[in-house]
Every structure is written in structure tokens, then in C-alpha cells.
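Okay, so here's the structure we're looking at.
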Amino acid sequence: MAQSLIRNVDVLIVPETGECRIDQAQDIHLTDSVITAIAPTTAAPPAGEVIDGTGLLAVPGLINSHTHSPMVMMRGAAEDLSIDDWFNQRIWPMEVNLTPERVRVGARLACAEMLLAGVTTFVDHYFHADQIAQAAIETGIRADLAPTYFSSAGPEAVDAAIATTRDLATLHPRITASLGPHATYTVSDDDLRRTADVARAEGFRIHLHAAETDDQTQASLDKHGATPIEILDRTGVLDAGALIAHGCGIRDTDLPILARYADRTTVATCPKVYLKLAMGNGTSIKQLHSIGIRTGIGTDGAAVHNTLDVWESLRLLALTQKHQQNNAEWMPLSDTLRLATRHSAAAANQAATLGALEPGRQADITLLDLAAPHNQPLHDPRAALVYSVRASDVHTVLVAGQVVVRNRQLTKLDLAEVLADARSLAHTLVDLSRGGAIQHYAP
């Protein structure tokens, strides 16, 4: 067993409830991939590798609760558009150009960006998920991958996506898998029922988009006489267990339904996206929390979010929630940090193993240097984490006890090569000359 130690570091402690705190001058003891102890620094000589944490703050590795990582290849290529035009004039026509190689190159770039920003786990929902898995394995990051499918692609595409989920589930210790129907408006009730049956029989979770906007919810009521949440209920998706992306269109009448499944349902919120696409007030976190639904923080894809920076997302979450509730006391520092850690771990389907620095949990740890002017003077490190920290403050990152970023440099990737590969292929992905689209947005 490999022993290692992060020595003399300040540690963010995130309890299940109540105030977060900073414990100063601590040693974090690791055995292989697991935290075995956190205790005040002593003068005793340590065994194994030692990482000097002096002047740094250790926080649980961030978790990107909902993203489409290869869409970094479309960064900046679909701007200033309505949600309808964003899908129909740009994104879904671009995705005609997807190939395994382009997905893998985009995923490598995404993994590099996330690791350098202190993200140790991402929850992905995209095509060619096997290629995303290979990028994650190569870079050292942790991932939960949901191969995406539409009913319009036919039963063979659904079969293939489910088969890929099964393959991913046994591929690597850092890779977990979920079933990935795209959304209630692009996947039929029959395919949703089949997905729920597979999920229950084989122990998978389901990751999909639902009630993304209030307009989507109203369209569902008009066409089907049911909200998207009611459709998830009647098809068995909620019973099987689901991560719902966005949920901005969840109605008050949906809350009693969701409450019945609070033990197996989470919602991922991506606040920058709702501002950029003018999607309304965003996720109603206060209402979801009132019924016991945990809410993780994500970025969505960089084609709309432009970055995969979870620090940016958690900051915007705190701000937009205060605005939404017209209450400056709502979404305080500790609650925001809890969403970024424990709740996001639940969204990654790993509530017991990630999301906190505690003995017995996985050693997914981000070390921050808060010495830069934008964080100083440091009256309250928790406030810096929510409102001031930048991705550039990330100094060292460990995933499963392995150092994947050291002194702001990737240890498992040649960043110059990753960037060169992405630049060489990006134009082929955003080319609209082929015509057609993988789907039409008309919820």
C-alpha cells in the first residue's frame, strides 16, 4: 500500500448541515486512493511521498455535475442566439460532424481545462462516450458518463447506447456509467420505459434533460397533457433514479411527485447558461431543497457556457439565487459550498465517496493558493472560495490519491499537444456546409 501525506495545509470542512469551517495547519494522510486521517501537523517525520501544503487551502475536488465535455470544440461558435436558434442553426447542425476522433480530442482538452481548474470529477452526457472515457483515463480525472440517444435515431441507436453504458461500467475504477436518454421531448415514452427497466434491472442511474425551461414544460402540457416531471414519473424514470439536468421549468405541482423520489433524484444546475440563453429564473433550488432534492453545480457544455470553470458556476449560482429569491440572506457561503461539494457528489452518484475531505473518502483533493491580490486580504477564506477564487489559483490537484496537477502544471498530459490537436480539428466540427442536423429543437 502506498502511503502519502499532504503536510501543513489548511482544510475546508464541509459538514452535512451547518457552517463550513477552515481547520488550519493539518496533515492529510493518504493510503493508495483513500484519505485515512486528517490531524494537526506534527513534527514526526512522515512516511512516503510528502506534498508540502504550507500556505495552501485544501478543498474537496470540484465536481462538474452536468456537462458535455467534447463541446469545448464549439466554444464561441454559437453566440447571441435564442435557445431555438442555438440548437437549430448551430449546435445540432454542427453535431452532424461528430466523429470518434473529434470527440476524443475535444474530451482531452476539456479534461485538461477542468483539472487545471480543480475539477476532479465530471458528469458527462454525450455521444461517443467510449472516447470520452479514454480521455478521462489518460488524463487521470474521474468521470460518470452517460451515452446520449434520441428516439429519432431508431432502436439500434438506443441499443448501442445502452450497450456502451454496460461496457463503461466495468472499464476502469475512475469511470462510472449512467443511462443517457437525451430528454423527455426527444425520447419517446416507450424508450423511457425501456431505459427505466434496464436501470432497475442492472443498477444504473439515468441522466437526462427535463423541464429545462418553463416553455418546455408548457409545451409538454399542451402536447401530452403532462409536465416533463409527470412523464418521468409515469415512465418509471424517477423510480429507477435520475439526475435531472436544469429543471428550470419544474412547476409547484411537480414538487409532491419529486418528493416521493428524493432519495434517488438529484438536479444539476448551470446558472450561466440560463442567463446567456435567457431561459428564465433558473433552477428553483429553494423549492427543491424544501422537499429534500439535492442540487449539484455544473457548467453544461462550453458551446454555451464558454468555460468548464465550476468556480464561475458556483459564484453565479449564489448571485442568481439571491436575485431570484430577492433575499440577500439566501444561499449563504456554507450552503453554496455544500452544493459545490456534497450535493455535487450526490449528482455524480457518489455521495458516500466524494464531496468531502474525511477519512474513508476518495482522495480527490484540490489545493488552492489564495495569495493573489484578488483574494487579499483574506478575512474569510469561505468568502474567497465563493466570490473571488479563479481557476488560476489552483496549485495542486489529486484524483484517487494521484497528483494530476503539480505547481499548476498537468502531470499526465502535454498541454501544448492537447491544444495543437484541438486547433487542428476544431474547424471541421463547426463547419455547417454539410447541411442537415442530428435533431430539430421543437419541444
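Pairs please, first residue from the stretch 262-284 and at positive phi, second anywhere and of a type in the set (V, I, T), Cβ atoms under 8 Å, 6+ apart in sequence or on different chains.
A278/I83; G280/T213; G282/T269; G282/T320
Looking at the stretch 305-317, can you tell me whether even one residue there is free of Cβ contacts under 8 Å to residues at least 40 places away in the same chain and open to solvent by 20 Å² or more (accessible area, probe 1.4 Å)?
No, that holds for no residue.
Name every residue in the stretch 300-327 that is polar (S, T, N, Q) and under 17 Å from G280 (Cα atoms), in order of residue number.
Taking the stretch 300-327 and keeping what is polar (S, T, N, Q), we get 306-307, 313, 320-321, 324-327.
Result: S313, T320, Q321, Q324, Q325, N326.
Could you say which residue among A219, A226 is more than 19 Å from S284 (Cα to Cα), at pLDDT 95 or above and either not small (G, A, S) or not in a helix (DSSP H, G or I) (or both)?
On the way: A219 fails: either not small (G, A, S) or not in a helix (DSSP H, G or I) (or both).
From the options A219, A226, the qualifying one is A226.
Working only within the stretch 388-424, note down all residues that are open to solvent by less than 90 Å² (accessible area, probe 1.4 Å) and assigned to a strand (DSSP E or B).
V394, H395, T396, V397, L398, V399, V403, V404, V405, L410
Going by the structure shown, is G247 modelled with pLDDT under 95 and either over 25 Å from M73 (Cα atoms) or hydrophobic (A, V, I, L, M, F, W, C) (or both)? So that I can check it myself, show each step before the final result.
Details: modelled with pLDDT under 95: no; either over 25 Å from M73 (Cα atoms) or hydrophobic (A, V, I, L, M, F, W, C) (or both): yes.
For G247, the condition - modelled with pLDDT under 95 and either over 25 Å from M73 (Cα atoms) or hydrophobic (A, V, I, L, M, F, W, C) (or both) - is not met.
Kindly list, by first and then second residue, each pair from a residue in the stretch 372-400 that is touching a residue at least 40 places away in the same chain (Cβ under 8 Å) and more than 20 Å from I6 (Cβ to Cβ) to a residue that is basic (K, R) and open to solvent by 40 Å² or more (accessible area, probe 1.4 Å), limited to pairs with Cβ atoms under 8 Å and residues at least 6 apart or on different chains.
From residues that are touching a residue at least 40 places away in the same chain (Cβ under 8 Å) and more than 20 Å from I6 (Cβ to Cβ), the pairs are V386/R315; Y387/R315.
Could you tell me whether the stretch 193-208 includes any residue that is in contact with a helix residue (DSSP H, G or I) (Cβ under 6 Å, 6 or more places away or on another chain), of a type in the set (S, T, Y), surrounded by 19 or more Cβ atoms within 10 Å (Cβ to Cβ) and modelled with pLDDT of 95 or more?
no
Just a yes or no: is a residue in the stretch 337-349 more than 23 Å from H207 (Cβ to Cβ), touching a residue at least 24 places away in the same chain (Cβ under 8 Å), in contact with a Cys (Cβ under 7 Å, 6 or more places away or on another chain) and not hydroxyl-bearing (S, T, Y)? Break it down stepwise before answering.
Residues of the stretch 337-349 that are more than 23 Å from H207 (Cβ to Cβ), as a first pass: 337.
Right, trim to touching a residue at least 24 places away in the same chain (Cβ under 8 Å) and you get 337.
Checking which are in contact with a Cys (Cβ under 7 Å, 6 or more places away or on another chain) leaves us with 337.
Filter again for not hydroxyl-bearing (S, T, Y), leaving 337.
Yes: the stretch 337-349 contains one or more residues that are more than 23 Å from H207 (Cβ to Cβ), touching a residue at least 24 places away in the same chain (Cβ under 8 Å), in contact with a Cys (Cβ under 7 Å, 6 or more places away or on another chain) and not hydroxyl-bearing (S, T, Y).
Output the residue which, of all residues in the stretch 11-58 that are closer than 27 Å to R174 by Cβ and charged (D, E, K, R), is surrounded by the fewest Cβ atoms within 10 Å (Cβ to Cβ).
E16
So which helices (runs of 4 or more DSSP H) are wholly in the stretch 333-387 and hold at least 1 residues that are open to solvent by 30 Å² or more (accessible area, probe 1.4 Å) and not basic (K, R)? Don't jump to the end; show me each part of the working.
Values: elements: 333-338, 344-347, 381-387.
In the stretch 333-387, 333-338, 381-387 are the helices (runs of 4 or more DSSP H) which contain 1 or more residues that are open to solvent by 30 Å² or more (accessible area, probe 1.4 Å) and not basic (K, R).
Condition first: open to solvent by less than 10 Å² (accessible area, probe 1.4 Å) and more than 25 Å from A117 (Cα to Cα). Now tell me which residues in the stretch 286-304 satisfy that.
Quick first cut of the stretch 286-304, residues open to solvent by less than 10 Å² (accessible area, probe 1.4 Å) only: 288, 293, 295-299, 301-304.
Listed by number, the residues that qualify are L288, I293.
Do we find that T411 is among the polar types (S, T, N, Q) and touching a Lys or Arg at 6+ places or on another chain (Cβ under 9 Å) in this structure?
Working: among the polar types (S, T, N, Q): yes; touching a Lys or Arg at 6+ places or on another chain (Cβ under 9 Å): no.
It is false that T411 is among the polar types (S, T, N, Q) and touching a Lys or Arg at 6+ places or on another chain (Cβ under 9 Å).
Can you say whether V273 is open to solvent by less than 10 Å² (accessible area, probe 1.4 Å) and either small (G, A, S) or assigned to a helix (DSSP H, G or I) (or both), as far as the supplied structure shows? Spell out the reasoning first.
Details: open to solvent by less than 10 Å² (accessible area, probe 1.4 Å): yes; either small (G, A, S) or assigned to a helix (DSSP H, G or I) (or both): yes.
In short, yes.
Of (1) part of a loop (DSSP other than H, G, I, E, B); (2) open to solvent by less than 20 Å² (accessible area, probe 1.4 Å); (3) under 17 Å from D309 (Cβ atoms), A112 satisfies all except one. Which?
Among (1) part of a loop (DSSP other than H, G, I, E, B); (2) open to solvent by less than 20 Å² (accessible area, probe 1.4 Å); (3) under 17 Å from D309 (Cβ atoms), A112 violates only (1).
Please determine whether any residue of the stretch 252-262 is within 30 Å of L308 (Cα to Cα), surrounded by fewer than 24 Cβ atoms within 10 Å (Cβ to Cβ) and touching a Lys or Arg at 6+ places or on another chain (Cβ under 7 Å).
No: the stretch 252-262 contains no residue that is within 30 Å of L308 (Cα to Cα), surrounded by fewer than 24 Cβ atoms within 10 Å (Cβ to Cβ) and touching a Lys or Arg at 6+ places or on another chain (Cβ under 7 Å).
Working only within the stretch 242-280, note down all residues that are among the small types (G, A, S), within 18 Å of T227 (Cβ to Cβ) and touching a Gly at 6+ places or on another chain (Cβ under 8 Å). Show your work before the answer.
Pass one, the stretch 242-280, residues among the small types (G, A, S): 242, 245, 247, 249, 259, 262, 268, 278, 280.
When the remaining residues are screened for being within 18 Å of T227 (Cβ to Cβ), the result is 242, 245, 247, 249, 259, 262, 280.
Hits for the stretch 242-280 are A245, G249, A259, A262, G280.
Mind counting the residues in the stretch 318-331 that are in a loop (DSSP other than H, G, I, E, B) and surrounded by fewer than 17 Cβ atoms within 10 Å (Cβ to Cβ)? So that I can check it myself, show each step before the final result.
Pass one, the stretch 318-331, residues in a loop (DSSP other than H, G, I, E, B): 326-331.
With surrounded by fewer than 17 Cβ atoms within 10 Å (Cβ to Cβ) added as a condition, the list becomes 326-330.
The total comes to 5.
If the requirement is being touching a strand residue (DSSP E or B) at 6+ places or on another chain (Cβ under 7 Å), of a type outside the set (V, I, T) and open to solvent by 10 Å² or more (accessible area, probe 1.4 Å), which of these qualifies: A157, A136, A117? Before the answer, list the steps.
Working: A136 fails: open to solvent by 10 Å² or more (accessible area, probe 1.4 Å); A117 fails: open to solvent by 10 Å² or more (accessible area, probe 1.4 Å).
Answer to the check: A157.
Quickly run through the stretch 162-189 and pick out the residues that are under 12 Å from I206 (Cα atoms) and open to solvent by less than 10 Å² (accessible area, probe 1.4 Å).
Across the stretch 162-189, the qualifying residues are I162, T165, S178, L179, G180, P181, A183.
The values are calculated or read from the model by the stated rules, or taken from the named source; none is laboratory data. It should be emphasised that the depicted structure is a prediction, and the values quoted were computed from it without experimental measurement. In this analysis, Cβ positions are derived from the backbone assuming ideal geometry, glycine residues included, and neighbour counts consider all displayed protein chains. Surface areas here come from the heavy atoms of the whole protein model, side chains and all, with no ligands, DNA or RNA. Shrake-Rupley method; radii C 1.70, N 1.55, O 1.52, S 1.80 Å.
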